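FYI, it's all coordinate maths here, none of it is from the lab. Bear in mind that the values here come from a model prediction, so they are computed numbers and not experimental data. Note that each Cβ is placed from the backbone with ideal geometry, even for glycine, and that neighbours are counted across all protein chains shown.
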Ligand code: SAM
Ligand code: SF4
C-alpha cells in the first residue's frame, strides 16, 4: 500500500468544490462500514469530529468504539503544544501495528496536524493513508474512495467560506443534555505563540439562522444546554451579503446589516427559556458591554466567561501580540463584575515561561490572578511551535525547569483561588442542570450551575436533563456538594 509521491492524490480546489454532488450520489449505496474516530485538543476538534461522522454516515459508515472492528480509523489532531503532537504520534504508531494485522483498514489524520505534517506522515514515515485538513471534510468520501483504489489521499486546502452550516452533526459520546455548536471557524488574531491561524485558516462566521435551527433541533431532542464555540466568539460577525469574503470585508459594511455576537447570543437564548446557553472562547480585546448586558437580560445565558489572559504583564502581552494590556484586561474584569456581579464565573488560560518572561513579570501573572479571583484556569508551559511569530522572532530562553517552577506556582495559586471562590457558594441555592450520575456513585447526580461549577447531590427522584435547586453545604476546590431543595 505504501506509495511514492506520484501516487498521492492531491485534490485541487475545483475538485474540492464538487464533493457535495459526490456525497448525494454515493449516499444510497447501503454499504455498512465501521468508523472509529479519536479526537484530541480543543472542543472545536471534538465538534468537528461530529461533522465528519455526519458526512461519513451518509456514505453508510456506522461509528464504533472498538477500533479492532473498524474499517476506517480517523484521528482528529491538535498541534497547539508539542506534547499534543507527541500523543497523536504515539496513537498513530499503535494504529499502524493494528494495520499490520489488518492491512485492509484505512488510517487517516484529520485536523490541525494535517497541514503541518502531511508530507512527513504520508511520504517519509508512511504511517497514514489519508490526510485531511479542517476545511476539507466534505471531501472525505472522495478521498476515502481514492484510498480504496490504492492511492494515498490528501486535501489540506483551507477555505475562506466553509462553515459546514448545513451539516447536522452526529453527536458523539453525548450525555443527551449538553451539546456544542460551532458558530465560526479559523482565527484572524496572530498571537505570536499560536499555530491556530496557520492550521485552521482565516476567521469566518456561520449563518445565524443555521445556528438557531441547530439549537432548536437540539432542544426538541431533549438537550438543555448548548455551548457556542469559536476561537474568538466575540468577534463573530455575519452579513447576509454572501459576496463578502471573510471578516475583514464584512467589517467594512454598514453595522446595521451585520449580526454580531451579542445579537446571535440573544437569538439562541430566545429558542427556549429552558435551554441554557454558554459560549467559549472570549478574547479580552473583543468582549463588549453589549454582550455583558445581553447575558444579564437572559436568565438562560449562563453567567460564566472564559476570558484567557495568558499573562498578567503588559510587556509579555505585547510580545504575545495579544493586543491588550494588563490595565485593559482589568477594566474588562471590572465591567463583568459591575454588570453581572460577583457570582459570574470567570476562568482563564495562562502560559508560564513565555520567551524572555522574567521572574518579576511572572509575578505579575500571579498578582493578576489574585486580582481577578478566577474560578478556574487552564495552565500551560510555553511550548515553541514551528512557524509561529514567536518562533521566528524571539528566543525561547526560559529553561524547562524555570517554566515548570512558574507553572507550578500558577497551579498552586489557582487551587487556592478555586477553593476561595467555591467557599463563596456555600449556603446558597444553585440552579443545576443535571448531566448524569456523579463520577463516584450512582446514588448521586452531578450537573453544573450557571457559573459552570460541578455540583454533586443525592439522586432522590431527580433525573438527567432536569433542573434541580441545590443547597450547597460543602465544597472542595473542584466541586460543590449539597442536596436538592424544593423551591
Ligand atoms: N482562542 C483562544 C484564546 O485566544 O483564548 C484559545 C485557543 S488555544 C486552542 C487554547 C490555549 O492554548 C491558549 O489560550 C493558550 O493558553 C494555549 N496555547 C496556545 N499556544 C500555546 C503554546 N505555543 N504554548 C503553550 N500554550 C499555548
Ligand atoms: Fe490562537 Fe490567539 Fe487565535 Fe486564540 S486568539 S486561537 S490564542 S491566535
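Worth a mention:
- Rounded tilt (10° steps) of 359-372 against the dominant C-alpha axis of the chain: 70 degrees
- Summarised in one figure, the compactness ratio Rg/Rh of the range 271-333, Cα atoms and Kirkwood Rh, is 1.08.
- Anisotropy class of the range 87-215 from Cα gyration tensor, a/c 1.5 cut: prolate
- Counting neighbouring Cβ atoms within 10 Å and putting the fewest first, the residues 324, 371 line up as 371, 324.
- Over the range 87-155, the hull volume per residue, using the convex hull of the C-alpha atoms, is 76 Å³.
- Taking N as its residue count, the alpha carbon Rg of the chain over 2.2 N^0.38 Å: 1.00
- Where both bridge residues fall in the chain, DSSP classifies roughly 35% of the beta bridges as antiparallel.
- The range 348-427 and the range 250-326: distance between their alpha carbon centers, rounded to Å: 22 Å
- Restricting the calculation to alpha carbons of the range 276-394 gives Rg and Dmax of 15.0, 46 angstrom.
- Kirkwood hydrodynamic radius of the range 32-79, Cα pairs, Å: 10.8 Å
- Whole-number D in µm² s⁻¹ for the range 342-487, Kirkwood Cα-pair radius fed into Stokes-Einstein, 25 °C, 0.890 mPa s: 143 µm²/s
- The range 194-241 - Rg and Dmax from Cα coordinates, angstrom: 13.4, 38
- By other beta-carbon atoms within 10 Å, ranking 365, 227 with the fewest at the front produces 227, 365.
- Calculated on alpha-carbon atoms, Rg and Dmax of the range 396-438 in Å: 17.2, 49
- Pair residue 220, residue 467: separation of 7 Å Cα→Cβ label points (nm): 2.3 nm
- Between helix 43-57 and the chain there is an angle of about 40 degrees, using the helix long axis and the longest principal axis of the Cα atoms.
- Under the criterion of Cα pairs below 8 Å and six or more residues apart, the relative contact order for the chain equals 10 percent.
- Cα-based helix-to-principal-axis angle, 326-340 vs the chain, degrees rounded to 10: 70 degrees
- Scaled against the 2.2 N^0.38 Å expected of a compact globular protein of N residues, the Cα radius of gyration of the range 22-158 reads 0.96.
- Order of 115, 59, 123 under a 10 Å beta carbon neighbour criterion, fewest first: 123, 59, 115
- Expected 222 nm ellipticity per residue - DSSP helices of 4 or more, -39500 (n - 2.57), all of the chain, to 500: -10500 deg cm²/dmol
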